[in-house]
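The values are calculated or read from the model by the stated rules, or taken from the named source; none is laboratory data. Bear in mind that the values here come from a model prediction, so they are computed numbers and not experimental data. Because the Cβ atoms are built from the backbone with ideal geometry, glycine has one as well, and the counts that use them run over all protein chains shown.
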Amino acid sequence: MKRLLECAALLMLGALPAAAQSVAPPAIDAASVTAALNPETAPGTILIARGNTIVFERTVGNIAPGGDTPHELGQVWRWASVSKQVTATIAMQEVAAGRLDLDAPIIRYLPDSKAPYASRITSRMLMQHVSGLPRMEEGPIGRDDWSTFYSVDLDSPATGRTWCEGPTTREPLSEFFYGDCDFIMMAAVIEATSGKPYAALIDERIAQPLGLNSVGVFPRAEPTVAGFAEGKPESTAFRLENFGGAGALYGTTRDLFAFDRALMTGKLIPDAQRAQMWDGKPEYGFAALGQWSFSSPLKDCGDTPVRIVERRGFIGGVVLRNIILPDLDMVIIMTANRAEAEAAFGEIWQQVGITHDVIRAAVCTTGTPL
């Protein structure tokens with residue numbers, strides 16, 4: 001078994017005031033969780049919580065390949081596509097307020113839209129990636145095989161909403177087609193319905209109400225955790241701010257946990273809107289709105305499936321897994337700063353990979369889920 005560099009002791013610390021933690025949750029089998037981690041392929045951090053209480057929080061491995069400086073808790077990470085989950089949450093706030101109809105064409109909110117099918121594309125289609133909008137891989141490719149969409153100045157017509165409204169051969173609902181344009185356009189929709197810029201929405205709707213001091217939208221003056229790929233520093237060919245509502249958020253894992261709890265407990269959106277947002281569609285690979293929602297049994301953990309809400313993030317050499325287990329009142333957040341970790345985290349439903357093994361270790365202590 002590979003040695004896990006532990007830079008923080010097992011924590012039984014609450015993320016909320018002590019009054020909310022009067023009943024201690026069951027302890028995590030730290031040895032089993034540790035055995036599921038890989039400090040070489042997926043060094044970073046892990047946080048596991050039951051209810052409002054963090055029951056396991058550690059660092060994994062070193063920051064740089066071949067280095068001896070370990071990761072630290074409290075680092076600011078790029079959230080990458082976990083940003084889509086946050087963008088979807090703000091969209092559902094707009095739904096709850098009556099300003100957004102998920103099934104209305106986006107031309108209602110963006111009357112100047114030049115998207116070929118703006119009169120047919122809906123916000124629901126955008127958030128389930130069935131809008132037919134272009135993918136960046138279909139456009140010009142630049143340095144280090146990165147799409148020029150991510151490398152040009154943010155005010156260039158070769159990026160952002162302008163490029164996403166360009167030509168496409170796919171009609172809405174013709175196929176599931178994952179891409180960042182869907183949520184870049186979704187950010188434009190909620191800016192229109194709310195009358196506020198995306199960064200202001202993140203600050204006023206998410207960061208300030210929840211006291212998330214680390215959360216913001218790129219660009220950022222101070223560096224976040226650097227990524228690596230194939231043993232080398234990641235490419236410098238992309239600009240994180242160009243990901244917009246699809247991937248431009250950053251913050252600590254503690255603040256991501258606080259977001260998850262607020263989402264789970266109804267503080268951010270009402271139960272009815274959360275149920276819509278977490279309604280995974282089998283025909284789209286169980287894609288819900290801005291996240292995936294499905295049930296899966298765990299290996300050697302009985303036949304009862306565990307309900308899982310999963311949101312992944314992956315940009316350059318930084319990888320995240322944000323896992324919510326609603327029926328078990330649990331959150332599992334893992335970060336890594338190696339591109340190779342995307343494959344190592346694996347697929348939960350295939351019952352292989354670090355993510356599956358960590359979930360199993362965290363919830364299956366008696367041969368069945370807790």
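Rundown of residues vs (1) part of a loop (DSSP other than H, G, I, E, B); (2) aromatic (Phe, Trp, Tyr); (3) at positive phi; (4) crowded, with 18+ Cβ neighbours inside 10 Å, yes/no style:
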| residue | (1), (2), (3), (4) |
| --- | --- |
| 189 | no, no, no, yes |
| 192 | no, no, no, yes |
| 200 | no, no, no, no |
| 203 | no, no, no, no |
| 209 | no, no, no, no |
| 219 | yes, no, no, no |
| 226 | yes, no, no, no |
| 236 | yes, no, no, no |
| 243 | no, yes, no, yes |
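When the residues of the range 141-180 are narrowed to those that are among the β-branched types (Val, Ile, Thr) and part of a helix (DSSP H, G or I), which ends up farthest from residue 118 (Cα to Cα)?
Of the range 141-180, the ones among the β-branched types (Val, Ile, Thr) are 141, 148, 152, 159, 162, 168-169.
Cutting the leftovers down to part of a helix (DSSP H, G or I) gives us 148, 162.
Working: 148: 24, 162: 13 Å.
Here the answer is 148.
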Note down all Cβ pairs under 6 Å where the first residue falls in the range 75-104 and is closer than 27 Å to residue 342 by Cβ, the second is part of a helix (DSSP H, G or I) and aromatic (Phe, Trp, Tyr), and they're at least six residues apart or on different chains. 84/183; 87/183
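State whether one or more residues within the range 61-69 are in contact (Cβ under 8 Å) with a residue 60 or more places away in the chain and in contact with a strand residue (DSSP E or B) (Cβ under 6 Å, 6 or more places away or on another chain). Step through it out loud before you land on a result.
The initial filter retains those residues of the range 61-69 that are in contact (Cβ under 8 Å) with a residue 60 or more places away in the chain, namely 63-66.
If we keep only those that are in contact with a strand residue (DSSP E or B) (Cβ under 6 Å, 6 or more places away or on another chain) too, we end up with 65.
Within the range 61-69 (the criterion being in contact (Cβ under 8 Å) with a residue 60 or more places away in the chain and in contact with a strand residue (DSSP E or B) (Cβ under 6 Å, 6 or more places away or on another chain)), the answer is yes, since at least one residue qualifies.
Any idea which of 275, 262, 258 is closer than 26 Å to residue 317 by Cα and part of a helix (DSSP H, G or I)? It would help to see each step written out before you state the result.
Numbers: 275 fails: closer than 26 Å to residue 317 by Cα; 262 fails: closer than 26 Å to residue 317 by Cα.
One residue alone meets the criteria, 258.
Within the bounds of the range 80-91, is there any residue that is surrounded by fewer than 22 Cβ atoms within 10 Å (Cβ to Cβ) and touching a Lys or Arg at 6+ places or on another chain (Cβ under 8 Å)?
Our first condition is that a residue be surrounded by fewer than 22 Cβ atoms within 10 Å (Cβ to Cβ); within the range 80-91, this holds for none.
Scanning the range 80-91, I find no residue that is surrounded by fewer than 22 Cβ atoms within 10 Å (Cβ to Cβ) and touching a Lys or Arg at 6+ places or on another chain (Cβ under 8 Å), so the answer is no.
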Can you find a residue that is surrounded by 19 or more Cβ atoms within 10 Å (Cβ to Cβ), in the same structural domain as residue 246 (by TED's automatic domain parsing) and basic (Lys, Arg) anywhere in the range 290-312? yes
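Going residue by residue through the range 261-283, is there one that turns out to be of a type outside the set (Gly, Ala, Ser), within 17 Å of residue 203 (Cβ to Cβ) and at pLDDT 95 or above? Show your work before the answer.
Of the residues in the range 261-283, the ones of a type outside the set (Gly, Ala, Ser) are 261, 263-265, 267-271, 273-274, 276-279, 281-283.
If we keep only those that are within 17 Å of residue 203 (Cβ to Cβ) too, we end up with 267-268.
Remaining after also requiring at pLDDT 95 or above: 267-268.
The answer is yes; a qualifying residue exists.
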